[in-house]
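Asks: Dumping the structure here so I can ask a few things about it.
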Amino acid sequence: MLGGRFYFDVGKVLQIIEERFGSQAGFAKHSTLPTSTLSRILDNGYASAAIFRLLCSALGLPEDDLRCDASPAAAVPRPSARRQPGPAGVAPLCPELVVGRQHDFDELRRRLVRQPASDGDHTVQVVTAVRGIAGVGKTTLISQLPYEDDPALKSLRPVLFASVGKLSHNQAATRMTDILRSWGRALQIPGVENALIPDVRGSLAAHLAGKRPLILLDDVWDGEIARQLFVGNLKSVTVITTRDGDVASALSPRSGSVYSLNCLSHEASMDLLRHFALEAVEECPQGCAELADFLGGLPLALRVTGGLLRAATDRSDSVADVIESIRKYQRLLEARLPAGHLAGLDDIGPTVQAVLQRSTEDLTDIQRECFARLGTFPEEPAVFTIDTAALFLDLSVESLRSVLTELVIRGLLEQRDDKTFCIHTLMAMHARSLPG
Ligand SMILES: Nc1ncnc2c1ncn2[C@@H]1O[C@H](COP(=O)(O)OP(=O)(O)OP(=O)(O)O)[C@@H](O)[C@H]1O
Ligand SMILES: [Mg+2]
């Protein structure tokens, strides 16, 4: 047991559920466990004492039969059952966890599948924009699209995804060439390797003729640059994400084609906190509920706070003290820094900054140093393998693994599979802002 956690044999639980109850929903009903709690503890592989007892009694098993030992490394959320092999083309990584976005997903899906094969004048490609503030979950939302078990969405193939990013004029041509060539390679179109932008675009258009591709352009900052990636044909379904309302309207001028993604509801925020820090929420429900509101339902801030609270309960620190320390940071930041000049992180406010600063405060020296250096390492999209990071940091893979595990638990990195990790742009910026 670790910090009030009861680890259990997930495989055994899943087997019994399937044999005796047919489905997780059936078992949830029988056990009176909310389905969200059930799926969370199955993902985590542990539960609090109260929920663990409920689980054992609902399964009709003695507690000792289900208990197992687990190291903190094993407590990293397992890749969820949602993960499937990527669809053909260039797909984004499937999000590990998506909480409270059913309505937004349905709305987006509705717009995409009802989209006419082309605009009324048959000359303009239809583009849907998802617009929202930093860390609200735009990438997470659109990354679900290729993986849903939904015939209408599955018919949009191939998938062509690119994280475009903020580019200077000089960088833009190289980046566009790289993206277009990588799409050409993924579709096994010959001759794209040395071809220039117009030729690669031409080859892609010829290959996609008669198909209905799903083109996902994430993190767009400049509409003109993004337009170069509008390959395919008038039947293509193109979705862009951006923080910038003007970019969204310029690329998606049709009424109703800009979808504004807002922060999570209070209930979904609490679900997210519970997912990562169940014991903390049980220990201090009122404080966590106030914290969820204070964080304004921003998923990125909730994710990092969940990691912080979880680290606190692992060390048996007071949850209330951690919550107070975040608030203290926020008051300090508000008092000291003029709005818009927050240590170079212009797109986020003092609350999120407070969470980020507090989250790296009690890292060990080696954890902090690795995190700081990882902020300078991966290029966009910020995905890296443990092997390349070990080379870059001049560490053995074994010693780096324990550092990365802790950073993932803290919500500072995300883990996609055994070897692959990624760092969010805001986290990378925070990492680079850490004192050397
Ligand atoms: N609905 C959600 N459920 C759980 N976690 C989420 C959800 N939405 C976002 N997250 C997490 O919050 C973080 C930020 O999400 P994401 O990268 O999608 O934001 P974004 O809007 O694309 O930000 P940016 O503008 O910086 O690109 C990620 O770690 C992601 O895993
Ligand atoms: Mg994003």
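The values are calculated or read from the model by the stated rules, or taken from the named source; none is laboratory data. Remember, it's a predicted structure, so these values are computed and weren't measured experimentally. All Cβ positions, glycine included, derive from the backbone under ideal geometry; neighbour counts span all protein chains shown.
Asks: Let me confirm something: among R243, R310, which residue is within 15 Å of ligand 1 (Cβ to nearest atom) and not assigned by TED's automatic domain parsing to the domain that holds R175? It would help to see each step written out before you state the result.
Replies: On the way: R243 fails: not assigned by TED's automatic domain parsing to the domain that holds R175.
After applying the criteria, what remains is R310.
Asks: Residues that are at pLDDT below 80: list the helices (runs of 4 or more DSSP H) wholly contained in region 10-56 that include at least 1 such residues. Quick ask: steps written out before the conclusion?
Replies: Values: elements: 10-16, 24-31, 35-44.
Hits in region 10-56: 24-31, 35-44.
Asks: What are the residue pairs meeting all of these: first residue in region 417-436, first residue more than 21 Å from P299 (Cα to Cα) and touching a residue at least 12 places away in the same chain (Cβ under 8 Å), second residue more than 16 Å from ligand 2 (Cβ to nearest atom) and among the basic types (K, R), Cβ atoms under 7 Å, and 6 or more apart or on different chains?
Replies: L434/R368
Asks: Let me ask something else about it. Identify all residues within region 341-383 that are of a type in the set (F, W, Y) and at pLDDT 90 or above; write none if there are none. Steps first, please.
Replies: First, pick out the residues of region 341-383 that are of a type in the set (F, W, Y): 371, 377.
F371, the sole residue that qualifies.
Asks: Ok, one more. Can you tell me which residue among A311, A301, A292, A280 is within 16 Å of ligand 2 (Cβ to nearest atom) and either modelled with pLDDT of 90 or more or among the small types (G, A, S) (or both)?
Replies: Details: A311 fails: within 16 Å of ligand 2 (Cβ to nearest atom); A292 fails: within 16 Å of ligand 2 (Cβ to nearest atom); A280 fails: within 16 Å of ligand 2 (Cβ to nearest atom).
Exactly one of A311, A301, A292, A280 is within 16 Å of ligand 2 (Cβ to nearest atom) and either modelled with pLDDT of 90 or more or among the small types (G, A, S) (or both), namely A301.
Asks: Which members of region 57-88 meet the condition of being at pLDDT 65 or above and within 26 Å of D149 (Cβ to Cβ)? First the steps, then the outcome.
Replies: Taking region 57-88 as the starting set, the residues that turn out to be at pLDDT 65 or above are 57-69, 87-88.
Those that are at pLDDT 65 or above and within 26 Å of D149 (Cβ to Cβ): P87, A88.
Asks: Under 7 Å between Cβ atoms, at least 6 apart or on separate chains: pull out the pairs that start in region 135-153 with a residue that is touching a residue at least 40 places away in the same chain (Cβ under 8 Å) and end on any residue that is in a helix (DSSP H, G or I) and near ligand 1 (Cβ under 8 Å from one of its atoms).
Replies: Listed by first residue and then by second, the contacts come to G135/P299; G135/L300; G135/L426; V136/P299; G137/P299.
Asks: Which condition does S257 not pass, out of (1) under 21 Å from L108 (Cα atoms); (2) at pLDDT 90 or above, if it passes all the others?
Replies: (2)
Asks: Consider only pairs whose beta carbons are under 7 Å apart and that are at least six residues apart or on different chains; among these, list those whose first residue lies in region 154-169 and is over 14 Å from L217 (Cα atoms) and not assigned by TED's automatic domain parsing to the domain that holds R185 and whose second residue is away from ligand 2 (no atom under 16 Å from the Cβ) and modelled with pLDDT of 90 or more.
Replies: Between residues of region 154-169 that are over 14 Å from L217 (Cα atoms) and not assigned by TED's automatic domain parsing to the domain that holds R185 and residues that are away from ligand 2 (no atom under 16 Å from the Cβ) and modelled with pLDDT of 90 or more, there is no close pair.
Asks: What pairs come up if the first residue lies in region 177-194 and is under 17 Å from L167 (Cβ atoms), the second is surrounded by 16 or more Cβ atoms within 10 Å (Cβ to Cβ) and of a type in the set (G, A, S), and their beta carbons are under 6 Å apart, counting only those six or more places apart or on different chains?
Replies: I179/A162
Asks: Further question on the same structure: Pick from L400, L391: which is free of Cβ contacts under 8 Å to residues at least 12 places away in the same chain, at negative phi and hydrophobic (A, V, I, L, M, F, W, C)?
Replies: On the way: L400 fails: free of Cβ contacts under 8 Å to residues at least 12 places away in the same chain.
Going through L400, L391 in turn, the sole match is L391.
Asks: Still on this model: Quick check on my filter: what residues within region 138-163 are away from ligand 1 (no atom under 16 Å from the Cβ), among the small types (G, A, S) and not in a helix (DSSP H, G or I)?
Replies: Within region 138-163, the subset away from ligand 1 (no atom under 16 Å from the Cβ) is 149-160.
From the residues that got through so far, the ones that are among the small types (G, A, S) too are 152, 155.
The answer is S155, and nothing else.
Asks: Tell me which residues, restricted to region 240-250, are surrounded by 24 or more Cβ atoms within 10 Å (Cβ to Cβ) and of a type in the set (A, V, I, L, M, F, W, C). So that I can check it myself, show each step before the final result.
Replies: Going residue by residue through region 240-250, those that are surrounded by 24 or more Cβ atoms within 10 Å (Cβ to Cβ) are 240-242, 248.
Answer for region 240-250, where residues must be surrounded by 24 or more Cβ atoms within 10 Å (Cβ to Cβ) and of a type in the set (A, V, I, L, M, F, W, C): I240, A248.
Asks: Can you tell me which residues in region 391-416 are among the polar types (S, T, N, Q) and under 14 Å from R303 (Cα atoms)? Steps first, answer last, please.
Replies: So in region 391-416, the residues among the polar types (S, T, N, Q) come out as 396, 399, 402, 405, 415.
Within region 391-416, Q415 is the sole residue that qualifies.
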